[in-house]
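*Asks:* Handing you this structure, nothing more for now.
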Amino acid sequence: MLFDLIASFIKAVLVFAVVMSFVPFLIWLERKLVAWMQQRIGPNRTGPFGLLQPIADAVKLIIKENIFPSGVEKITYFLAPMMSMIPALAAFAVIPFGSPVRIMGRTVNLQVADVNIGILYILALSSLAVYGAVLAGWSSNNKYSLLGGLRTSAQMISYELPIGLSVVSIVLLTGSLSLNEVVRSQASHGIWNIFPQFLGFIILLISYNAELNRAPFDLGEAESEIVAGYHTEYSGFRFAMFYMGEYVNMVTVAALVTVLFLGGWQAPFGPEIPLLWFLIKIFAFILLYMWVRATFPRVRYDQLMALGWKILVPASLANLAMTAVIIVLGGPNAVRILSVGSIVLAVLVGLVLKAAVALRTKSAPGLAPPAGAGS
Amino acid sequence: MIWNATVPFGAWAVLSGLLFTMGAAGFLVRRDPIVMFMCIELMLNAGNLLFVAAARYLGVVDGQVYVFFVMTVAAAEVAVGLAIIVAIFRRKTTIDVDEMSEMRG
Amino acid sequence: MTWLTFLIVSGIAVIFAGGLIFSRNAVHGAMCLVASFCAIATLFLLLSAEFIFVVQIAVYAGAIMVLFLFVMMLLNVQGQEGALAGRAPGQLLVALALGAALLGQAVWLVARGGEIISRPARIPAGFGSPEDIGTALFTRNLLPFEITSLVLLAAMAGAVVLARKAGLSPKPNGAPAGGKPE
Amino acid sequence: MNPYLPILFMLVIATAFALAAMALALFVGRPRPGPERKFAPYECGIEPVGSARDRFPVKFYLVAMLFILFDIEVIFLYPWAVVFRQLGVFGLIEMAIFLGILLVGYIYVWRVGALEWQ
């Protein structure tokens, strides 16, 4: 009892420390990587390769004057940054990052809290993150902030539906809401969920990009339209809190996707080294998001909402229906049928989309890209 | 130690009754329809709490299922109720309930 | 489930519920209510209703209260209304009488009902887990479950119609349905 | 030990960190007095025009309303997915009825143009 209590407390502290120490590194990595992709240099003055830049930024932000702009609603203004950060950290509590290890003759789960309802817990907490944006926007006494906050929160709640629906398909395959169980079922199926749930994976990828408010879906902070969105009036460490919250959220999402689709801590080949494969997968996923950010132009808000409500929701429902029917009819072969089926379907959808885009550019010459840009 | 004793069912009933009463009182004394609506949500939650407590003390899980249904009804009710408030406000530019007492079209 | 945890968590729930009633600002009231809902969710956890715990957070705190906040922002409510501002004095009286009656009832319950069920029942290990809820929901309570979808459908249609009546929809004059614009 | 206790730890740690950081910033970065304009809202860099608390397009309301109704539907799907294998074809049919009815709502909402953002 006491051992468990102390062990889980230490685990919570460690997870917190590791996730928080990821944040400055990720900020540096993103700036460097995006700069490289866009043929810029990026931070290069503080320390080797500008590695100390995030530290310098943190120091700068914390000694900045702590200003409450006039007319802000003080309590809410103070609480909002915390509300965008705390749920992201708390969500990490149920993520399993390794198979159980033996310490001092006892089995210790490499997971802060092994609960029965882990998946739903993470989704519930991520729906709480909406408050940070909406309250920051409301309390700021700034019309652009309010619009940004409303945009951000409307976008987040819209994309929660496709996320929820594609996660249900995973639950269908697993038969449990425990994240540990999800990893174990992938081991027992002998195949990671990304294959039988390829469509779900794509949907989740897009939806989480929108849920994290990252480019190309960062409409809530579209500089050219509404300044910096809901955190325009925030400066100093309160702004840093939003910024950190964004990156913590990204790590949490990467870990969740790793567990749901990429087999968690399991090794794709070679020996299973604790934490190593898990971290590699998380970073691969984060790098993918950074690449996406550097590549795509921002979409329009109506396009964003249409994508969520008219394409992703029906698509994830269709994926769910397909999964359910195949599980019932396919019996023991269901996972294999699903894997083949979803990959074939994805290729077909891709081809159709490509043809549609080609047709559209042909019929509307005004919209055609300049010669040489893309196919 | 009394602090480690089991909580009797009556304590849950009192808590639920207290929350319900607070919701009912808030509904009666506040004028802002949105706040009144939130008070209704509080009352529904008090009911839910009693459902769950009864499910636990009787060992029947169906009480928890009913909570599910209550939540569904609450969501539907909020969606329609707030739509009504928004619609009225659009016409009358006031959302004081005492001002919108006339029911003639 | 001990007295100490019960008292702490229920105290939080009651205090924040009071915050809703007495707050002058509707947004503050909503935040208090969110906190109260989270405390009630924790109470569900103490009652070994883990699935309902997380559903409470997802539905009430994560969805319903967001809608409330949206409406407050849309209608630009700034809480000019004083807390407990004067409705007809009769209403305050009714509220007080109602409160007294309900509290009396509660006390009666403690006095009498305590004898009926005082200790928690013995429950199987998976009580309140998603499996347990799923089995109960999709076998014994199938009909209410299916009817639920009708409630949701009616709410959807009702809210959309109301919104159209108020001229909120992009096509208030009932533009031809089905045509996919642009 | 209650498996939910570590979640409480995590929450407490996260909250403590957030509060400590905010308090530190409050202590270190005490604002120096300045002209009133220094504390004016930044907005977009020029003088604010009009009230910051304007009324907003009600489209946002419709989105949130549709969200809570569909969110409930998604929540119902979770216990169903967990017990799906025990229910088999029976479960498939009952969920198909449920989703079918809601699909009618979805199509209705689409056709009256509530999903258009203009």
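The values are calculated or read from the model by the stated rules, or taken from the named source; none is laboratory data. If you're wondering where the values come from, they're calculated on a predicted model, not measured in any experiment. Neighbour counts are summed over all protein chains in view; Cβ atoms, including those assigned to glycine, are modelled from backbone coordinates with ideal geometry. Side chains included, ligands, DNA and RNA excluded: accessible areas come from the protein's heavy atoms. Shrake-Rupley method; radii C 1.70, N 1.55, O 1.52, S 1.80 Å.
*Asks:* Just the residues that are more than 28 Å from the chain's Cα centre (by Cα) and not in a helix (DSSP H, G or I), please, taken from region D:85-118.
*Replies:* D:Gly88
*Asks:* How about region A:87-109: which of its residues are open to solvent by 30 Å² or more (accessible area, probe 1.4 Å) and not in a loop (DSSP other than H, G, I, E, B)?
*Replies:* A:Ser99, A:Pro100, A:Val101, A:Arg102, A:Ile103, A:Arg106, A:Thr107, A:Asn109
*Asks:* Could I ask something else about it? Criterion first (more than 8 Å from every other protein chain (Cβ to nearest Cβ) and crowded, with 22+ Cβ neighbours inside 10 Å) does A:Ser207 satisfy it?
*Replies:* So A:Ser207 fits the description; yes.
*Asks:* Can you name the residue in region A:1-36 that is more than 14 Å from every other protein chain (Cβ to nearest Cβ) and open to solvent by 70 Å² or more (accessible area, probe 1.4 Å) and, of all such residues, is nearest to A:Ala88 (Cα to Cα)?
*Replies:* Result: A:Phe25.
*Asks:* Next question. Only residues that are outside any loop (DSSP other than H, G, I, E, B) and either modelled with pLDDT under 75 or surrounded by fewer than 19 Cβ atoms within 10 Å (Cβ to Cβ) (or both): list them for region C:110-136, please.
*Replies:* C:Val110, C:Ala111, C:Arg112, C:Gly113, C:Gly114, C:Glu115, C:Ile116, C:Glu131
*Asks:* Exactly one of these conditions fails for A:Tyr121: (1) within 30 Å of D:Pro79 (Cα to Cα); (2) surrounded by fewer than 24 Cβ atoms within 10 Å (Cβ to Cβ). Give me its number.
*Replies:* So A:Tyr121 meets the others, but not (2).
*Asks:* Are there any helices (runs of 4 or more DSSP H) wholly within region A:177-248 with 2 or more residues that are modelled with pLDDT of 85 or more, and if so which? First the steps, then the outcome.
*Replies:* On the way: elements: A:179-189, A:198-211, A:223-226.
Passing ranges, in order: A:179-189, A:198-211.
*Asks:* Within the set of pairs 6+ apart or on separate chains, which have a first residue in region A:136-161 that is within 7 Å of another protein chain (Cβ to nearest Cβ) and within 15 Å of A:Gly71 (Cα to Cα), a second that is at pLDDT 85 or above and buried (at least 24 other Cβ atoms within 10 Å of the Cβ), and C-beta atoms under 8 Å apart?
*Replies:* If the second residue must be at pLDDT 85 or above and buried (at least 24 other Cβ atoms within 10 Å of the Cβ), the pairs left are A:Trp138/C:Leu69.
*Asks:* Quick one: would you say A:Thr232 is among the β-branched types (Val, Ile, Thr), open to solvent by less than 30 Å² (accessible area, probe 1.4 Å) and more than 30 Å from A:Val183 (Cβ to Cβ)?
*Replies:* Here the answer is yes, as A:Thr232 does meet what is asked.
*Asks:* For region A:249-291, how many residues are part of a helix (DSSP H, G or I), hydrophobic (A, V, I, L, M, F, W, C) and open to solvent by 30 Å² or more (accessible area, probe 1.4 Å)?
*Replies:* 9
*Asks:* Is it the case that some residue within region A:152-168 is of a type in the set (Phe, Trp, Tyr) and either at pLDDT below 85 or open to solvent by 20 Å² or more (accessible area, probe 1.4 Å) (or both)? Give the derivation first.
*Replies:* Restricting attention to region A:152-168, the residues satisfying the condition of being of a type in the set (Phe, Trp, Tyr) are A:159.
With either at pLDDT below 85 or open to solvent by 20 Å² or more (accessible area, probe 1.4 Å) (or both) added as a condition, the list becomes none.
Among the residues of region A:152-168, not one is of a type in the set (Phe, Trp, Tyr) and either at pLDDT below 85 or open to solvent by 20 Å² or more (accessible area, probe 1.4 Å) (or both), which makes the answer no.
*Asks:* C:Ala49: modelled with pLDDT under 90, more than 11 Å from the chain's Cα centre (by Cα), more than 9 Å from chain A (Cβ to nearest Cβ) and within 23 Å of D:Tyr4 (Cβ to Cβ), yes or no?
*Replies:* Numbers: modelled with pLDDT under 90: yes; more than 11 Å from the chain's Cα centre (by Cα): yes; more than 9 Å from chain A (Cβ to nearest Cβ): yes; within 23 Å of D:Tyr4 (Cβ to Cβ): yes.
So C:Ala49 passes the test.
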